[in-house]
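The values are calculated or read from the model by the stated rules, or taken from the named source; none is laboratory data. All figures in this text were calculated on a predicted structure; none of them were measured in a lab. Quick reminder, even Gly has a Cβ in these numbers, built from the backbone with ideal geometry, and neighbours come from all protein chains shown. Ligands, DNA and RNA are excluded from the accessible area calculation, which covers all protein heavy atoms including side chains. Shrake-Rupley method; radii C 1.70, N 1.55, O 1.52, S 1.80 Å.
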Amino acid sequence: MSGIDTDGPVDPLLPPPVVRILALSGGGYRGLFTAEVLARLEQDSERKIRDLVDLVIGTSAGALVAAGVAAGVAASDVAAAFRTHGERIFPRRILPAPRRLLLRAPYRSEPLGEAVEAILEGDAHLPMSALKANLAITAVSQTHARFRLYTSGQFVGATSKDLPLLEAVLASAAAPTYFPPRFYDKEMLVDGGVVANAPEIAGIGLVKRVLGTPLERMRVLSIGTASPAAGNLPMAPARYSIVDWMLPRRNLLLLTLDAQEHLARNLAEQAARNQLLSDRHRAEQQAGQSHGRVGPGGRKSERGALRACRSGMAEQQERRDEAARRLKSTDGRSGPSAGTGPGGDAGYRERRLIPSPPAPLIKR
């Protein structure tokens, strides 16, 4: 991830550079799936992920994977860390003890923090503003009920606050009903998946806002975490009680994350489709005008061009008439030998200095 060239000379005849965005969704231990997909991509391309993309954006477990690959860690090493620390982060319990379930989050953030430190090593405690890689991590401020996007590299100016990379990852992974929230700088932060479990829309908006890159010059690779199949009947609670909505197979948060992820992908696909249709319409309209045809929506431009053409021709005709009148007046003072003509003798012959008429502006 050498950075996006925004300082070089801009050639107005050339399109802006393509920006490649890698968006990684949340999903708890299912983040292992994301890491394995990236490991296979690295194996096939024989290059690290950060050398293949311009921005990595992640949510929750995707934030941990994103931080690792953006820092230059091999995706296979990130996957190995998931396997090593997964049992401690998500210990297997049939059902948490009632006391733990009612009084605190079922999972602790300390094992997750150890996994982050193992993957990022010395970079874990650096402020995000000190990172050279283009990385974005999502979170939600419960204190202010606002979406938070923590960035590094060329996107540092897009956020108002700076915080250590470790804190950003832990905040993005602090899923309500699973992990405790993170407190930093008098603000309580929770999982970014509450609003952006699939962060591609946030990544597209970030690139558009900071770099001004048009949508048609973006390439987005979005990797999910193999969410549960839709229509799974056990997901529907029988009595709709608070406890029913919190059971593992009927979890309200998981349902919210999966539905929001599906919505975000649909919005991104629709935006790309609309851009393609807009480009096609613009190309067809330009092609029609170059062949003397006006496409839909171009009638107003055609009428304006015709009015300008007629106005220019009328002005030229007035100038020709004025020149003819002056020439006629001069010849009239020459006497009867001028010939027959208006105001003269029979031998008068009218002379006009008339330029050739202009070619029409629009070919018909």
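Remarks
- Taking region 180-195 as the range and being open to solvent by less than 40 Å² (accessible area, probe 1.4 Å) and among the acidic types (D, E) as the test, the residues that pass are E187, D191.
- Meets criteria (open to solvent by 20 Å² or more (accessible area, probe 1.4 Å), among the hydroxyl-bearing types (S, T, Y) and modelled with pLDDT of 90 or more) for T84: yes
- Among the residues making up region 124-157, those that are within 17 Å of the chain's Cα centre (by Cα) and in a strand (DSSP E or B) are L135, A136, I137, T138, F147, R148, L149, Y150, T151.
So that you can scan it fast, the table gives a plain yes or no per residue for (1) open to solvent by 30 Å² or more (accessible area, probe 1.4 Å); (2) in contact (Cβ under 8 Å) with a residue 40 or more places away in the chain; (3) touching a strand residue (DSSP E or B) at 6+ places or on another chain (Cβ under 8 Å):
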site	(1), (2), (3)
A130	yes, no, no
I137	no, yes, yes
S141	no, yes, yes
H144	yes, yes, yes
F147	yes, yes, yes
T151	no, yes, yes
A168	no, yes, yes
A173	no, yes, yes
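- Test: residue in region 19-26 that is in contact with a Phe, Trp or Tyr (Cβ under 8 Å, 6 or more places away or on another chain) and either on the phi > 0 side of the Ramachandran plot or at pLDDT 95 or above (or both): no
- Subset of region 215-225 [open to solvent by 30 Å² or more (accessible area, probe 1.4 Å), touching a helix residue (DSSP H, G or I) at 6+ places or on another chain (Cβ under 8 Å) and modelled with pLDDT of 90 or more]: V220, S222
- Of the candidates A136, A158, the single residue that is at pLDDT below 90 and within 19 Å of V210 (Cβ to Cβ) is A158.
- The lone exception for A198 - which of (1) open to solvent by 10 Å² or more (accessible area, probe 1.4 Å); (2) closer than 18 Å to A136 by Cα; (3) modelled with pLDDT of 85 or more it fails: (1)
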